[in-house]
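Participant: My questions all concern the structure below.
Bear in mind that the values in this text are calculations on the coordinates, not laboratory data. Source: prediction; values computed, not measured. Heads up, the Cβs are rebuilt from the backbone with ideal geometry, glycines too, and the neighbour counts pull from every protein chain shown.
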C-alpha cells in the first residue's frame, strides 16, 4: 500500500467571469515510504497546486486522495492541520525564516505545536537537527547572518525536526547557485533515506529531478511519467528521453525546461 495515492484527481476553480479554469486533469500518482519522486513542469502547469493537494492545503475537485490508505475527502480542517503538522515537512524556494528569531528558534518553532516529549525537548531536538545539517555552531545566529545555502539548510532542519513521513519540496534550489543547490538536494536525499520518509520534489530543473527514483512531467494539468538519463556527452547533466523531446543541458548552465522557471 502506497503512502500517498492520488487517483483521477482534478482541481478546477470558477473565475469571476464564470468560466471554469482546469488546473489539474485526471492526475494519478502513488508514492511509497522512502521513495523520491520528482515532478517537472513550466510555470503555470499546476505544480504548486499538486503540492498543495498532497500537503492537505487544498482538496481535489474530483477524484480520490488516500493518505496511508485512508481517504482524505472528509477530513475536517482541524484534522488536516494536525496531520500537516505531524506527518508533513515543507521546503520552499523562499526560505520563509522568521527574521526576528535565532536559527535555533526557527527550527524549534514547529515543535511549539507538538505534545509531550517533543514539546518539552524542542530546543534539544532542534539543536540535534541543526547539527545534522551542519549548522550546529550557528544556533544563536540570526537568519540574515547566513548565506543562501545556510538559510535553506535551516529551512530543511525546520521541515524535518518533527520527523515527518512525507517531505514536500517546492523548487528547493530555485534561489541557490548550482553547486549550493546540489549540496542541498544531497542533504535532503540523505535525510529522507535515513528516516524512510517519502520525498516529492517539484521543480523545473532537470538536474534536481534527475536525483529522484521516478520522474513525472506536468503540462496543462496532465501528469505523465517520463525517464531522465545522464547523456553521453561530457559536461552534460541530464536529459529527458521517451515521450517528450530530449532536452540536453551543459554544466555551464543549470538545466531547465524551455520557457523559464516554474
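Participant: Among 67, 104, 218, determine the one that fluctuates most according to a GNM of the chain built with springs between C-alpha atoms less than 10 Å apart.
Facilitator: Residue with maximal mean-square fluctuation among 67, 104, 218: 67.
Participant: Along the Cα-to-C-beta direction of residue 186, a point sits 7 Å from the Cα; which residues of region 195-219 have their amide N less than 15 Å from that point?
Facilitator: 208, 211
Participant: What percent antiparallel are the DSSP beta bridges of the chain, to the nearest 5?
Facilitator: Looking only at bridges with both residues in the chain, the antiparallel portion is about 55 percent.
Participant: Another question, then. In what sequence do 31, 133 fall when counting other Cβ within 10 Å, fewest first? If you can, show how the numbers build up before the last one.
Facilitator: On the way: 31 19, 133 23.
Least to most surrounded, the residues fall as 31, 133.
Participant: Translational diffusion coefficient, Stokes-Einstein: compute it for region 14-103 using the Kirkwood radius over C-alpha pairs as Rh, at 20 °C and 1.002 mPa s, and state it as an integer in µm² s⁻¹.
Facilitator: In µm²/s, the coefficient rounds to 137.
Participant: Under a plain spin-label model, where a point goes 7 Å from the Cα along Cα-to-Cβ, how far apart in nm are residue 226 and residue 64?
Facilitator: 3.0 nm
Participant: Test of understanding: ordering 43, 87 by Cβ neighbours within 10 Å, fewest first, what list do you get?
Facilitator: Ranked by crowding around the Cβ, least crowded first: 43, 87.
Participant: Please give the contour-minus-distance gain from residue 193 to residue 147: 0.36 nm per residue of separation, less the Cα-Cα distance, rounded to one decimal in nm.
Facilitator: 14.0 nm
Participant: Arranged by the count of other C-beta atoms within 10 angstrom, fewest first, what order do 153, 163 take? Don't jump to the answer; show the numbers that get you there.
Facilitator: On the way: 153 25, 163 15.
The fewest-first ordering by Cβ neighbours comes to 163, 153.
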